[in-house]
Each structure stands twice: as C-alpha cells, then as structure tokens.
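The values are calculated or read from the model by the stated rules, or taken from the named source; none is laboratory data. For clarity, every value in this text was computed on a predicted model and none was experimentally measured. All Cβ positions, even for glycine, are placed from backbone atoms using ideal geometry, and neighbour counts span all protein chains on display. Surface accessibility is based on the protein's heavy atoms, side chains included, excluding ligands, DNA and RNA. Shrake-Rupley method; radii C 1.70, N 1.55, O 1.52, S 1.80 Å.
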Amino acid sequence: FMLQVKEGLEMEVSGEGEETNKENLMEVMSNIRDVKKAMDVTQEMFQPLRDCISVLRDHGVDINDTMVKKHTVQDYLEDAPMHWDQVVKKTFQIKETILPLQMAE
C-alpha cells in the first residue's frame, strides 16, 4: 500500500502551460483520500505486530532468519512506522501543492 501511494503521489498533475492533467489530479486525490482513511488503523497496527513477534519469541519460534524485503522481520517492523510517517507527511505536502489546482477545477 505504501509503495502504491508513494508512486501515485508522484504523478505529474500539471501539463504544458500549467494545464491541469485532470486524470492524474483525480488519481493523486484518490491516493490522498486512501492515506487519510488508513491513517489511524495503520498507525495502530504496528504495536500488535511487534507484540506477535514477542509472543513467537517467547514460545521459542526463531524468526531471525525470516526476511521481509531484504530485512529481518524485527528490523522491518521497527522501520515501518517511520516509513508510514513519511508517506503521511508527503501526502499532506502534495495536498497543499495541488490545492490551487483543485480549486481551479
């Protein structure tokens, strides 16, 4: 989801002569909406995931060799909130950037 949103937010919304690319603008606005909808739920899910990892370790399950996108599960879960915060920050920056284009449409 985060990768999809990052790519969607990077779409060019203004064309030649600052003409608005309406289709891209709508796509960017959809990504902004999706991030807003997912903000609370996503932020709240990180701690339960960490808790699951702790329970697995407590019961002797070795997850040190388990990898997620070339990172150990523990490292990935530690970095995930930071990456999510970056996506949220970028979302609001883009929202401010496209506001004049939204008003013009």
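Table for the structure above
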quantity: Matching residues, region 79-99, being of a type in the set (A, V, I, L, M), more than 13 Å from residue 43 (Cβ to Cβ) and open to solvent by less than 70 Å² (accessible area, probe 1.4 Å); calculated: 94, 98
quantity: All positions within region 59-95 that are of a type in the set (Ser, Thr, Tyr) and part of a helix (DSSP H, G or I); calculated: 76, 91
quantity: Selection count, region 54-77, where residues are in contact (Cβ under 8 Å) with a residue 12 or more places away in the chain and either in contact with a Lys or Arg (Cβ under 6 Å, 6 or more places away or on another chain) or open to solvent by 80 Å² or more (accessible area, probe 1.4 Å) (or both); calculated: 1
quantity: Complete set of residues in region 48-77 that are among the acidic types (Asp, Glu) and at pLDDT below 90; calculated: 62, 65, 75
